[in-house]
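Asker: This is the structure, below, for whatever I ask next.
The values are calculated or read from the model by the stated rules, or taken from the named source; none is laboratory data. Because the structure is a prediction, the values reported are computed rather than measured. Counting neighbours? That spans all protein chains shown, and the Cβs are built from the backbone with ideal geometry, glycine included. Ligands, DNA and RNA are stripped out before the accessible areas are found, and what is left, the full protein with its side chains, is counted by its heavy atoms. Shrake-Rupley method; radii C 1.70, N 1.55, O 1.52, S 1.80 Å.
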Amino acid sequence: MNVEHEINLLVEEMQRLGTTGADGKLSVKFGVLFQDDRCANLFEALVGTLKAAKRRKIVTYEGELLLQGVHDDVEIILLQN
C-alpha cells in the first residue's frame, strides 16, 4: 500500500472512532486506535502511518513516537480531512 492511501484510511478510521471537542476538532486516543480490531487489520504499521500523517500536517499529537500502553491516552487530533 502507498502512504497516501494509508493516511486516507487513517482519516476514515479517526472519523469513525473519534469525538469532536469543544474546539470543533476531531480527536481519538492512541489506545483506542491501536486496540480497535478493524485498525489492527488495516494497518501493518499504525505508528508509521501516524508519523507520516504528522509530517504532512494532517494530524498532530504530543511526542515523536507512540508506544502501546505507555501512550494510550495521547490524543491524536485531526487537522484536515
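Asker: Before rounding to the nearest 500, sum -39500 (n - 2.57) across all DSSP H runs of length at least 4 in the chain and divide by the residue total; then give [θ] at 222 nm in deg cm²/dmol.
Answerer: Details: 4 runs with 37 residues, N = 81.
Value at 222 nm, helices only, nearest 500: -13000 deg cm²/dmol.
Asker: Between residue 47 and residue 22, take the C-beta separation as r, use R0 = 22 Å, and let me know the FRET efficiency to the nearest 0.05. The partial results should precede the final answer.
Answerer: Values: r = 28 Å, r/R0 = 1.27.
Once the sixth-power term is evaluated, E becomes 0.20.
Asker: Got a number for carbon plus sulfur as a percent of the chain's accessible area, 1.4 Å probe? Numbers along the way, then the final one.
Answerer: Working: 2430 of 5010 Å².
Carbon and sulfur atoms account for 49 percent of the accessible area of the chain.
Asker: If you don't mind, another one. Within 10 Å, Cβ to Cβ, of residue 60, how many net charges do the neighbouring residues add up to if Lys/Arg are +1 and Asp/Glu are -1? Intermediate values should be presented prior to the final figure.
Answerer: Working: positive: 25, 54, 57; negative: 62, 75.
Net charge around residue 60: +1.
Asker: If 6, 13 are ordered by their accessible area, calculated over protein heavy atoms with a 1.4 Å probe, which sequence runs from highest to lowest? Write down the numbers at each step before the final one.
Answerer: Working: 6 30, 13 5 Å².
Ranked list, largest accessible area first: 6, 13.
Asker: Please give, to one decimal in nm, the separation of the simple spin-label points placed at residue 57 and residue 70, each 7 Å out from Cα toward the Cβ.
Answerer: About 2.9 nm, to one decimal.
Asker: Going by accessible area, probe 1.4 Å, with all protein chains left in place, what is the ranking of 20, 60, 49, largest first? Walk me through the numbers before you get to the answer.
Answerer: Details: 20 95, 60 50, 49 10 Å².
The most accessible residue leads, giving 20, 60, 49.
Asker: From the P(r) of the chain, could you give the percentage of C-alpha pairs in the tail past 19 Å? Don't skip to the answer; put the middle values down first.
Answerer: Numbers: 834 of 3240 pairs.
Everything past 19 Å amounts to 26 percent.
Asker: So which GluC sites (Glu not before Pro) in region 21-81 end up in coil per DSSP with only 12 or fewer other C-beta atoms within 10 Å? Walk me through the intermediate numbers first.
Answerer: Details: sites: 44, 62, 64, 75; in loops: 44, 62, 64.
Qualifying residues, ordered by number: 44, 62, 64.
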